[in-house]
Amino acid sequence: MLAGLIFATEDADDRAGVLAATLPFGGLTLIEFQARLLAAAGATQIVLVVARMTPELLGAISRIGRRGVVVDAVRTAIEAVEKLHPLARVLVVADGVVTTGDVVQSLAAAPEDMLLVTDPDDARYERVGANAAWAGLALLDGKRVAEVAAMPRDYDFQSTLLRVAAQAGADQVRLDPHMAVGHGIERSAVALAQRGNGTVAALVARPLRWADRFLFAPLVRFALPPLMGRVVSTIAPLAAAVALAVAGVVTIGWGYPAIGMAVACLGMGSAKIAASLAWVRDEAQMVRVTDYVAPGIAALAALSVGYGADRPAGLILAVALLIAAVLLERAAPVEHQRRLWASPAAYPVVMLPLLVAGEPLVALALAGLYAAVTLAAAIEAFREKP
């Protein structure tokens, strides 16, 4: 199993008495951001090494625990050994590390003990040799923590763990220059605020299916940093999504299906922004609500087009599309999905060109066929092979 060991012992450079790990970082605290990276890399247990408990740290620990990982706070290496699973491989995050999910996941996949190192010129990094400095991340066997626990308690836990790992022959892998842009150690509130929003926005998952990945995910990543920087409530984009959905349905009802569908697509984009904001901010109830808004907008738009087209053929095609789409979402677990598969976001996009051409029935038929073919592929992928 994989466990995370996060150090949170140093005070902020520009805020006396405040732990650097609890400084705001893109709508989160820095330690929450680090914990999310570890959880995304597969960590099921996170141990926080703290110097003292503060209200901000207690709140962060509570929020981290909501993500389904076991969280423990310790002060010494002895306590850390007691909390860590005996067979765990430990992904170590130094105090104040800001990095990207790609860096953490590549490190988590390493087969042996590994220290991530960089050039020794930057004073923020602790030297690990004549020509290298520790970049603040390491993957180690849990025995290394036990070795530190056997040493005198007045030794600095983080530095001693680094020395023990280096002496044990852990591989030293240099940080890729392309990844170094998003990597660093920051303990300044101002510096963290400057780089936080964009970095946290990069946490938003890249969906696999094409419409979400190439059309809506870039929109979400573009919109999140300014919204988080201005502390915009999640309700705002959600309300905009509802308003755009109503406007789209009304426009379709007035006999302008192409314009109405385009407005509905904008509403879906706003709904996905709201869902991502809720996810970043750990607003569990809002996450549950926003997850259904974008598919709901797509369904309403399709039914409106069917109602406004030749009846009853239009309504029959719209209902058939909805049935196939709902069954597909139930039969398409993430591990079986493919890039070209249909999704709630794809149906309005597929229909829009045909609506512009004045062919609503063909648009509904094509979207329904797309859903049906994808459903067949999902069932085939799910079946057990002989």
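SER233 - would you say it is hydroxyl-bearing (Ser, Thr, Tyr) and buried (at least 18 other Cβ atoms within 10 Å of the Cβ)?
Considered against the rule, which asks whether it is hydroxyl-bearing (Ser, Thr, Tyr) and buried (at least 18 other Cβ atoms within 10 Å of the Cβ), SER233 comes out as no.
Within the bounds of segment 9-21, is there any residue that is of a type in the set (Ser, Thr, Tyr), assigned to a loop (DSSP other than H, G, I, E, B), over 28 Å from LEU224 (Cα atoms) and touching a Leu at 6+ places or on another chain (Cβ under 8 Å)?
yes
Output the qualifying pairs, or none if there are none: Cβ atoms under 9 angstrom, residues six or more apart or on different chains, first residue in segment 114-139 and touching a residue at least 60 places away in the same chain (Cβ under 8 Å), second residue among the charged types (D, E, K, R) and assigned to a loop (DSSP other than H, G, I, E, B).
What qualifies is ARG124/GLU186; ARG124/ARG187; TYR125/ASP119.
Could you look through segment 127-159, keep only residues that are under 32 Å from the mean Cα position of the chain (by Cα) and polar (S, T, N, Q), and pick out the one that is farthest from GLN105 (Cα to Cα)?
Restricting to residues being under 32 Å from the mean Cα position of the chain (by Cα) and polar (S, T, N, Q), the top hit is SER159.
Does segment 280-292 hold any residues that are open to solvent by 20 Å² or more (accessible area, probe 1.4 Å) and touching a strand residue (DSSP E or B) at 6+ places or on another chain (Cβ under 9 Å), and which are they?
ARG281, ASP282
So how many residues does segment 162-191 have that are of a type outside the set (D, E, K, R), more than 28 Å from the chain's Cα centre (by Cα) and either part of a loop (DSSP other than H, G, I, E, B) or surrounded by fewer than 16 Cβ atoms within 10 Å (Cβ to Cβ) (or both)?
4
Quick check on segment 110-152: of everything there that is basic (Lys, Arg) and in a helix (DSSP H, G or I), which residue is surrounded by the fewest Cβ atoms within 10 Å (Cβ to Cβ)?
LYS143
For segment 25-101, which strands (runs of 3 or more DSSP E) that fit wholly inside it have 1 or more residues that are surrounded by fewer than 16 Cβ atoms within 10 Å (Cβ to Cβ) and without any contact (Cβ under 8 Å) to a residue 40 or more places away in the chain?
Filter on segment 25-101 gives 70-74.
I'd like to verify a number: residues in segment 326-361 that are touching a helix residue (DSSP H, G or I) at 6+ places or on another chain (Cβ under 8 Å), in a helix (DSSP H, G or I) and in contact (Cβ under 8 Å) with a residue 24 or more places away in the chain, how many?
So the count comes out to 15.
Residue by residue through segment 252-279, note down the ones that are open to solvent by less than 20 Å² (accessible area, probe 1.4 Å) and hydroxyl-bearing (Ser, Thr, Tyr).
Selection gives SER270, SER276.
Exactly one condition in (1) part of a helix (DSSP H, G or I); (2) open to solvent by 10 Å² or more (accessible area, probe 1.4 Å); (3) closer than 20 Å to VAL181 by Cα; (4) touching a residue at least 60 places away in the same chain (Cβ under 8 Å) is false for GLN158; which is it?
So the condition that GLN158 fails would be (3).
Which condition from (1) of a type in the set (S, T, N, Q); (2) under 29 Å from ALA377 (Cβ atoms); (3) assigned to a loop (DSSP other than H, G, I, E, B) is the one that SER276 breaks?
Looking at each condition in turn, SER276 falls short on (3).
The values are calculated or read from the model by the stated rules, or taken from the named source; none is laboratory data. Computed from a predicted model, the values in this text were never measured in an experiment. Cβ sites come from the backbone with ideal geometry, for glycine too, and all protein chains shown count toward neighbours. Keep in mind that these areas ignore ligands, DNA and RNA; they rest on the heavy atoms of the full protein, side chains included. Shrake-Rupley method; radii C 1.70, N 1.55, O 1.52, S 1.80 Å.
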